[in-house]
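One structure is given below, encoded as structure tokens.
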Amino acid sequence: MRLSLAVNGQHKVRASLTAAGWLGAHVSLSNGIESESNDRVWLNAVDTSAEPNTTHSTWGGFPLVPGDKVEIAILADGDSDAPTEVSTTTDNPNNLFSIPAQARQLLDSVKTCDMALQEILDRAKGVEPDDEFKKLALAVGSILVELDRQLISPTLRRHPDLLQIAEDMNVR
């Protein structure tokens, strides 16, 4: 996949992604923001081929003013420019557990929590009115999403070798 970006007919950059993931364009305009204007355009890519880790690449951040014409072209595969910024989730300072055994224990604890929450739902189903059960199910779902966001994902990014175990345990 490859994209080309031009502003006012002037070529700015070409971006590509050959791995699994997304390649996109983003135009950002601000209104009523006191600080410096964030009106700009850029291309970005998210490489998901090293699951659970991702690599984010950005090309540009070109400033825009009213009247500018932004053109995005979809191109055949080929050469691209080097990204202006690259970051990986492996470098995230919020990744958890330096000791793999601790990371594995977290997965076991999350599985125990997941099973306990499922038991609550199982006991409530058919006993609670439908509208109450739906509220409870949404609350439990929210907790599970946060467990993934705050604990499971940061742990698996640091210990990708545990991804298959997490999937086998149905906690990922």
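The values are calculated or read from the model by the stated rules, or taken from the named source; none is laboratory data. Only a predicted model underlies this, so the values are computations on that prediction, with no experimental measurement involved. Because the Cβ atoms are built from the backbone with ideal geometry, glycine has one as well, and the counts that use them run over all protein chains shown. Just so you know, the surface numbers come from the protein's heavy atoms only, side chains and all, with ligands and any DNA or RNA stripped out. Shrake-Rupley method; radii C 1.70, N 1.55, O 1.52, S 1.80 Å.
Observations on the structure shown:
- In order through region 50-65: 3J(HN,Hα) via Karplus (6.51 cos²θ - 1.76 cosθ + 1.60), integer Hz, x for Gly, Pro: 10, 3, x, 8, 10, 10, 9, 10, 10, 10, x, x, 6, x, 10, 10
- Assuming charge only on the beta carbon of Lys and Arg (+1) and of Asp and Glu (-1), the dipole of the chain about its Cα centre is about 160 debye to the nearest 20.
- Restriction of the trypsin sites (Lys or Arg not before Pro) in region 71-125 to DSSP coil positions whose beta-carbon has at most 13 other beta-carbons within 10 angstrom yields K125.
- Summary value for the chain: 21 percent relative contact order, contacts being C-alpha pairs under 8 angstrom separated by 6+ residues.
- Amide proton proximity set for L75, modelled H, under 5 Å, gap of 5+: R2, L3, S4
- Think of region 29-172 as a dipole: +1 on every Lys or Arg Cβ, -1 on every Asp or Glu Cβ, centred on the Cα centre; then among T89, V41, P129, P129 lies furthest on the positive end.
- 0 to 90° range, to nearest 10: angle between helix 130-147 axis and the chain longest Cα axis: 60
- For region 2-89, the orientation-averaged shadow of the C-alpha convex hull comes to 6.6 nm² (one quarter of the hull surface).
- Rounded to the nearest 20 debye, dipole of region 2-89 from Cβ charges on Lys, Arg, Asp, Glu: 200
- Given 11 as the ceiling on other Cβ atoms within 10 Å, longest exposed-site-free region of the chain for GluC sites (Glu not before Pro) in DSSP loops: 37-172
- Once backbone amide H atoms are built at 1.01 Å from N, V13 has L5 as its partners under 5 Å, excluding neighbours fewer than 5 places away on the same chain.
- Taken per residue, the accessible surface of the chain reaches 63 Å², heavy atoms only and a 1.4 Å probe.
- Counting only protein heavy atoms and a probe of 1.4 Å, the accessible surface of the chain is 52% carbon and sulfur.
- Computed over region 27-160, the range of Cα coordinates on each principal axis works out to 61, 41, 37 Å, biggest value leading.
- Seen against the Cα atoms of the chain and their longest principal axis, helix 100-124 is set at about 70 degrees.
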